[in-house]
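Here's the structure we're looking at; comments come further down.
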Amino acid sequence: QVQLVESGGGVVQAGGSLRVSCVASGRTYSINAIGWYRQVPGNQRELVATISRGGITNYADSVKGRFTISRNSANNTVTLQMDSLKPEDTAVYYCYAGTWTGSQWGQGTQVTVSS
């Protein structure tokens, strides 16, 4: 099993920046890809960005050029730097890990962008 604990998030005005981080523990050697999804009440959870063990990144079109994902394998941390935030980025952000045995999720952290 892999455990994921998020930190960061909060409230920011449109155009501002926030950073969310996630620390993985447990069987971290089984993680193939790690990253972030987000969800707005009433909507499906959607991909934001992921990064593979080999460093290949994948971004949702809506965040390309504004968000940057990075991974520190030494301390099992993945960070999402979010710049030029828009009100439509408001959501609960969930840390995600794709492992040998399936998907694991963090508890989520709220990001609110005010207009």
- Task: Would you mind checking which residues have amide H under 5 Å from Val2's amide H? H placed 1.01 Å from N; only 5 or more apart, or other chain.
- Result: Arg27
- Approximate spin-label separation Asp61-Arg45, in nm, with each point projected 7 Å along Cα-to-Cβ: 2.4
- For the chain, the accessible surface attributable to carbon and sulfur atoms (probe 1.4 angstrom, ligands and nucleic acids excluded) amounts in percent to 48
- Task: Place the peptides 56-62, 90-96, 66-72 in order of packing, highest mean first, counting for every residue the other Cβ atoms within 10 Å and averaging per peptide.
- Result: 90-96, 66-72, 56-62
- Total charge of the residues flanking Gln110 in space, meaning their Cβ is under 13 Å from its Cβ, with Lys and Arg +1 and Asp and Glu -1, is -1
- What is the gain in length, in nm to one decimal, between Ser7 and Thr112 on full extension, counting 0.36 nm per residue of separation less the C-alpha to C-alpha distance? 36.4 nm
- Kirkwood-based shape ratio for the chain, expressed as Rg/Rh from alpha carbons: 0.95
- Using a cut-off of 11 Å between beta-carbons, work out the net charge of the residues near Tyr37 (Lys and Arg +1, Asp and Glu -1, Tyr37 not included). +1
- Using θ = phi - 60° and the Karplus relation 6.51 cos²θ - 1.76 cosθ + 1.60, list the HN-Hα couplings for the range 70-83 in order, rounded to whole Hz, with x at every Gly or Pro. 9, 9, 10, 5, 5, 10, 6, 10, 10, 10, 10, 8, 10, 10
- Within the set of other residues whose C-beta is less than 13 Å from the C-beta of Tyr94, count the net charge using Lys and Arg as +1 and Asp and Glu as -1. 0
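The values are calculated or read from the model by the stated rules, or taken from the named source; none is laboratory data. What you see is a predicted model, and the numbers here were worked out from it, not measured in a lab. Note that we place each Cβ from the backbone using ideal geometry, even for glycine, and neighbour counts take in every protein chain shown. Ligands, DNA and RNA are excluded from the accessible area calculation, which covers all protein heavy atoms including side chains. Shrake-Rupley method; radii C 1.70, N 1.55, O 1.52, S 1.80 Å.
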